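Note sheet for the following structure.
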Amino acid sequence: MPGKAFGIRLATNTQIVQLAQNAGFDSLFIELEHSTLSIDDASRLSMAGLHAGITPFVRVPHQCGNGFVQRVLDGGAMGVIFPHIQSAAEAKAAVAISKYPPIGCRSMTGQLPAFSLKPTPAATVIQESNISGSSVFLMIENKESIDHIDEIAAVEGVDVLLIGSNDLSIELGVPSAFTSERFRSALEKVSAACKKHGKIMGLAGIYDQPEIQDWAINTLGVRYLLCQQDSGLIAGGAVKCAAAVAAIERP
């Protein structure tokens, strides 16, 4: 079964994390690229996730810089989602800032949320963080990404290649045409690269379309799925609620 991620781009109240956990999601996709959430918001949501047992991942803005990524990780994220990765060099840079030496160049600090803010030996922090506390997600959402997918997938330290469906379909000239041959062919290339290099394939941006999700999970081998975002759930629920009341109104 794929990991089921709950996207947060509007809510700052940490109770949203408990609601996601109650619903059966196993990770958070905290949105800092397409939202007005702050690093502090991301930290509070991440820490709530750690306490609730739902893994927090944070998508950072494109080309936000190493210092921004550092603060997201120090704030409690258990992994970083890097958008618009188009080359092996960019993939290696993402790994470098996410991992402590000797794998990368992440700077050390004390009292990290992942260790319950307790003083922890540096050797323990390095080992455990590099193994399971700094997952690297690379978003594949550009034509150049598809052209270089094999070399991107080959980069050591990368965990997930995550399809950004909307941007990728636009770049391929088939906006939102997720069943088109051009879009499906691109995803098949990513699937093959993931299988070849032992990476997890992820899918984001396609919601409430079970036929496509079925194909992605059971044919392509997708193992990480952004199922929906808080804004989409609120919007969809609001429409359903208003329509239900309108249907029983008498003239």
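Tabulated values for the structure
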| read-out | value |
| --- | --- |
| Dipole magnitude (debye, nearest 20) for the chain, charges at Cβ of Lys, Arg, Asp, Glu | 420 |
| Sequence-separation-based contact order of segment 125-251, relative, with Cα cut under 8 Å and 6+ spacing, percent | 20 |
| Given Lys99/Lys143; Lys143/Lys196; Lys4/Lys143; Lys4/Lys199; Lys4/Lys118, the pairs whose alpha carbons are separated by over 24 Å | Lys99/Lys143; Lys4/Lys143; Lys4/Lys118 |
| Percent RCO, i.e. relative contact order, over the chain, from Cα pairs under 8 Å lying at least 6 residues apart | 18 |
| Pairwise centroid distance, computed over Cα atoms, of segment 194-251 with segment 111-125, Å | 36 |
| GNM result for the chain, Cα springs below 10 Å: residue of Ala177, Ala238, Ala11 fluctuating most strongly | Ala238 |
| Relative packing of peptides 138-148, 99-109 - highest average C-beta neighbours within 10 Å first | 138-148, 99-109 |
| Approximate spin-label separation Ser132-Ala89, in nm, with each point projected 7 Å along Cα-to-Cβ | 3.6 |
| Cut-off 20 Å (backbone N to label point 7 Å along Cα→Cβ of Ser38), residues of segment 83-125 | 113 |
| Estimated 222 nm signal from helices in the chain, with DSSP H stretches of n ≥ 4 weighted -39500 (n - 2.57), rounded to 500 | -13500 deg cm²/dmol |
| Compactness relative to 2.2 N^0.38 Å, alpha carbon Rg of the chain | 1.04 |
| Other-chain or far-sequence residues with amide H under 5 Å of Gly7's (modelled H) | Phe29, Cys227, Gln228, Gln229, Asp230 |
| Sequence ranges 75-86, 206-217, ranked by mean other-Cβ count within 10 angstrom, highest first | 75-86, 206-217 |
| DSSP H segments from the chain that extend 20 Å or more along their own axis, Cα-based, with Kyte-Doolittle mean of 0.5 or above | 230-248 |
| Under-5 Å amide H pairs with Leu162, H placed in peptide plane, nonlocal only | Leu138, Met139, Ile140, Gly202 |
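Every number in this text was worked out from the coordinates using simple rules, so none of it is lab data. Note that the coordinates shown come from a computational prediction; the quantities given were computed from them, not determined experimentally. Glycine gets a Cβ as well: all are built from the backbone with ideal geometry, and neighbour counts include every protein chain shown.
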